[in-house]
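Worksheet: one structure, shown below.
The values are calculated or read from the model by the stated rules, or taken from the named source; none is laboratory data. The shown structure was predicted, so the numbers you read here are calculated from the model rather than taken from an experiment. For neighbour counting, all protein chains shown are included, and Cβ atoms are generated from backbone atoms with ideal geometry for every residue, glycine included.
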Amino acid sequence: MSLRNILIVLGFIFVIFLGLFIAYRLFFAPERLNLIGRTIETTLGFDNGVVEFYSCGKLIKRFLKVEKLTTARGTYDKKVRPYRFGYGYIDFNLDGILNKDEKKLGKVYFEVPSYRDYIYYDAKIIPEEK
């Protein structure tokens, strides 16, 4: 084989590996799989998240059936804002059960002003009052 043919084969192999790397980053990277998973969960209605706010180690507010917390971004500059937001039912009596009165009010908008005073977790089942 001539040097020209070797360079053509090496260039072809490089282009194939580059294409595979780009395809991996676009479709199979952990960030992309996480985004796809969250989209499916939101679309299918898997909204069993719970957000709890604490002050001095004491539970002061709880939101039930939160779909997800979203990091706020600026409208024009697209910079990340120092808070997160979401929608959920307020658990007024802090019993962890979605009561009829709480459900009747519907989901409310809330903001998380700092990253240190709350816990977000996925509760597989949130009990509801019959």
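Observations
- Scanning region 45-101 for residues that are of a type in the set (Ser, Thr, Tyr) and either within 19 Å of Asp122 (Cα to Cα) or in contact (Cβ under 8 Å) with a residue 24 or more places away in the chain (or both) gives Tyr54, Ser55, Thr70, Thr71, Tyr83, Tyr87, Tyr89.
- Some residue of region 89-98 being aromatic (Phe, Trp, Tyr) and either surrounded by fewer than 15 Cβ atoms within 10 Å (Cβ to Cβ) or in the same structural domain as Leu35 (by TED's automatic domain parsing) (or both): yes
- Number of the exception - Leu26 against (1) in a helix (DSSP H, G or I); (2) surrounded by 11 or more Cβ atoms within 10 Å (Cβ to Cβ): (2)
- Residue in region 113-128 that is surrounded by 10 or more Cβ atoms within 10 Å (Cβ to Cβ), out of contact with any strand residue (DSSP E or B) (no Cβ under 6 Å at 6 or more places or on another chain) and among the charged types (D, E, K, R) present: no
- Which numbered condition Phe92 fails, given (1) out of contact with any Leu (no Cβ under 6 Å at 6 or more places or on another chain); (2) in a strand (DSSP E or B): (2)
- Flag if Phe17 is surrounded by 13 or more Cβ atoms within 10 Å (Cβ to Cβ) and either assigned to a strand (DSSP E or B) or modelled with pLDDT of 85 or more (or both): no
- Residue selected from region 29-46 under the condition assigned to a helix (DSSP H, G or I) and surrounded by fewer than 10 Cβ atoms within 10 Å (Cβ to Cβ), by the criterion modelled with the highest pLDDT: Pro30
- Ile60 vs. criteria of a type in the set (A, V, I, L, M), assigned by TED's automatic domain parsing to the domain that holds Glu111 and at pLDDT 80 or above: yes
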